[in-house]
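Asks: Questions regarding the structure given below will be posed in turn.
The values are calculated or read from the model by the stated rules, or taken from the named source; none is laboratory data. Predicted, not measured: the structure shown is a model, and the values here were computed from it. Glycine gets a Cβ as well: all are built from the backbone with ideal geometry, and neighbour counts include every protein chain shown. What goes into the accessible areas is simple: the full protein's heavy atoms, side chains included, and nothing from ligands, DNA or RNA. Shrake-Rupley method; radii C 1.70, N 1.55, O 1.52, S 1.80 Å.
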Amino acid sequence: MKQYVFIFYTDHPKGSMWEETIHANGMMEAFLKAKKLLAAYEKEKQASVRVQYKGVRYHSIDIA
């Protein structure tokens, strides 16, 4: 499973910016999860929230 990193930010003068890591098997699954997060954040913050794709981390699983 990969970790897709997205940056969420608001545009108003005292804007905020934060990163979210989404665990997904593929890019399409990650984008659908990011879209759901975007809608939740816009409802929570009562402001326009923008999202930008940052990159992917390949997460290896250690078996001990």
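Asks: Please work out which one of (1) open to solvent by less than 90 Å² (accessible area, probe 1.4 Å); (2) modelled with pLDDT under 95; (3) of a type outside the set (Ser, Thr, Tyr) is the condition Met1 fails and give its number.
Replies: Among (1) open to solvent by less than 90 Å² (accessible area, probe 1.4 Å); (2) modelled with pLDDT under 95; (3) of a type outside the set (Ser, Thr, Tyr), the lone unmet condition for Met1 is (1).
Asks: Okay, moving on. So which residues in the range 18-62 are open to solvent by 100 Å² or more (accessible area, probe 1.4 Å) and among the aliphatic types (A, V, I, L, M), if there are any at all?
Replies: Met28, Ile61
Asks: Scan the range 30-60 residue by residue and report those that are in a loop (DSSP other than H, G, I, E, B), over 13 Å from Val5 (Cα atoms) and either in contact with an Asp or Glu (Cβ under 9 Å, 6 or more places away or on another chain) or not small (Gly, Ala, Ser) (or both). Quick ask: steps written out before the conclusion?
Replies: The initial filter retains those residues of the range 30-60 that are in a loop (DSSP other than H, G, I, E, B), namely 46-48, 59-60.
Subsequent filtering for residues that are over 13 Å from Val5 (Cα atoms) retains 46-48, 60.
Those that are in a loop (DSSP other than H, G, I, E, B), over 13 Å from Val5 (Cα atoms) and either in contact with an Asp or Glu (Cβ under 9 Å, 6 or more places away or on another chain) or not small (Gly, Ala, Ser) (or both): Gln46, Ala47, Ser48.
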